[in-house]
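Read through the structure below, which is laid out as structure tokens, and then see the notes.
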Amino acid sequence: MDRGRQASLMQAVAEAGDRAAFGTLYDHFAPRLNAYLMRLGAAEDVAEELAQESLIVAWRRAAGFDPVQAS
């Protein structure tokens, strides 16, 4: 997924609380974040929990998303 697509999905989440857009972002980023955390040494269950919590924070803070700063 390219950055322009990521930004447009995040903007949809920010402006309209678009759950489908967030689901697409989650499906893209959760496995990558989980794998990264496991490479850093986190246990699988801990990495999964941290990935979920991180993406929940992104959902909650979506209203503050600025596509200009995101680039």
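The values are calculated or read from the model by the stated rules, or taken from the named source; none is laboratory data. Everything numeric in this text was worked out from a predicted model, so none of it was measured. Glycine gets a Cβ as well: all are built from the backbone with ideal geometry, and neighbour counts include every protein chain shown. Quick note on the areas: whole protein, heavy atoms, side chains included, nothing else; ligands and nucleic acids left out. Shrake-Rupley method; radii C 1.70, N 1.55, O 1.52, S 1.80 Å.
Quick notes on this structure:
- Solvent-accessible area of residue 38 with every protein chain in place, 1.4 Å probe, in Å² to the nearest 10: 80 Å²
- Per-selection metrics, the chain (Cα): Rg and Dmax in Å: 12.7, 37
- Rounded FRET efficiency, nearest 0.05, which uses the C-beta distance separating residue 19 from residue 49 and R0 of 22 Å: 0.55
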